[in-house]
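*Asks:* Before I ask anything, let me first share the structure, which is written out below as structure tokens.
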Amino acid sequence: MQKTSLFLGGTFDPIHYGHLRALEEVREALGMEQATLIPAGDPPHRGSPWAPAEHRLAMARAAASQAPGIEVLAFEVEQSGPSYTIETVHELRRQNPEGFLAMVIGMDAFLRFDTWRDWENILELTHLVVIGRPGWPMAELPEGLRQALYQRRVDELAQLHRTPAGKIAFHTVTALEISASHIRSLLAAGRSARFLLPNAVLDYITEHRLYHEA
Ligand code: ATP
């Protein structure tokens, strides 16, 4: 597998076009060949995902199998215990000590970023690309994050290429108002989720009867 230099982490419960399109647009805007999805094992910041990690990993792989340029890293799922992004970033840095590394996160996640373990260290080790997400305008930022932005923000995504890590860029992607929780509630109600996520993922969900009894 190639070195990871651009990645999106998440529970991907299930993965949908909101995740895929955002990562694709950032990948293209940065002029990169590859981007990586990293499904979380046992996320510390929310309740347990509905689908076990092995299924969420398989769904991410099903989505990536139809998307040249997007690959899946199983690192967090294969770890025992909770996944902390700082550990993932350390692992990615072991594989790629000097090169460019950027993490994509949605605005909703960014607004809580100062609650993540060792968040300031994460910012030393990787760039952050914050993507706009419907319903999450940049509200009042906590003081720590405001300071970090003051020190690290760049105006253009392309400026990230000047250094291997340490900067924060905002990037607007096509707004797709899709969430995994909405997909789960549609499926639990026996309704269609078609065109919100790849068919291969929907087929996997049907085959394994995921989300039908939420
Ligand atoms: P849930 O609805 O269960 O909270 P989710 O759809 O937000 O799930 P996550 O796995 O929590 O999915 O998201 C992973 C990352 O993808 C987060 O940084 C999140 O902000 C981002 N993201 C999720 N959905 C979208 C979307 N529709 N557009 C842009 N970014 C998204």
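The values are calculated or read from the model by the stated rules, or taken from the named source; none is laboratory data. Predicted model, so just to flag it, every value in this text is computed and none were measured. Cβ: placed from backbone, ideal geometry, glycine included. Neighbour counts: every protein chain shown. Side chains included, ligands, DNA and RNA excluded: accessible areas come from the protein's heavy atoms. Shrake-Rupley method; radii C 1.70, N 1.55, O 1.52, S 1.80 Å.
*Asks:* Ignoring ligands, DNA and RNA, please state the percent of accessible area on the chain from carbon and sulfur, probe 1.4 Å.
*Replies:* Carbon-and-sulfur percentage of accessible area, whole number: 47.
*Asks:* OK, next. Considering only the other residues whose Cβ falls under 9 Å of the Cβ of I168, what net charge follows from Lys and Arg at +1 and Asp and Glu at -1?
*Replies:* Summing Lys and Arg as +1 and Asp and Glu as -1 gives +3.
*Asks:* Working from the alpha-carbon coordinates of the chain, get Rg over Rh, Rh being the Kirkwood radius.
*Replies:* Computed over Cα atoms, the ratio is 0.95.
*Asks:* For a distance above 16 Å, tell me the whole-number percent of Cα pairs in region 1-108 that qualify.
*Replies:* Numbers: 3198 of 5778 pairs.
In whole percent, the share of Cα-Cα pairs in region 1-108 beyond 16 Å is 55.
*Asks:* What are the trypsin sites (Lys or Arg not before Pro) within region 4-103 that DSSP puts in a loop, where the Cβ has at most 10 other Cβ atoms within 10 Å?
*Replies:* R46
*Asks:* Counting other Cβ atoms within 10 Å of each Cβ, which GluC sites (Glu not before Pro) in region 62-100 have at most 15 and sit in a DSSP loop? Mind dumping the intermediate values first?
*Replies:* Details: sites: E71, E76, E78, E87, E91, E98; in loops: E98.
The qualifying sites are E98.
*Asks:* Quick one: grab the alpha carbon gyration tensor of region 81-166, order the square roots of its eigenvalues as a ≥ b ≥ c, and give me rounded if a/c is under 1.5, else prolate or oblate depending on whether a/b is larger than b/c.
*Replies:* It is oblate, given that a/c is not under 1.5 and a/b is not larger than b/c.
*Asks:* Skip the ligands, DNA and RNA, and give the accessible area per residue of the chain with a 1.4 Å probe, whole Å². Working shown, then result.
*Replies:* Details: 10730 Å² over 214 residues.
I get 50 Å² per residue for the chain.
*Asks:* Separate question: Could you tally the net charge around Q34, taking each other residue with its Cβ under 11 Å from the Cβ of Q34, Lys/Arg +1 and Asp/Glu -1?
*Replies:* Result for the local shell: 0.
*Asks:* Counting other Cβ atoms within 10 Å, which chymotrypsin sites (Phe, Trp or Tyr not before Pro) in region 116-202 have at most 12 and lie in a DSSP loop?
*Replies:* Of the chymotrypsin sites (Phe, Trp or Tyr not before Pro), the ones in loops of region 116-202 whose Cβ has at most 12 other Cβ atoms within 10 Å are F195.
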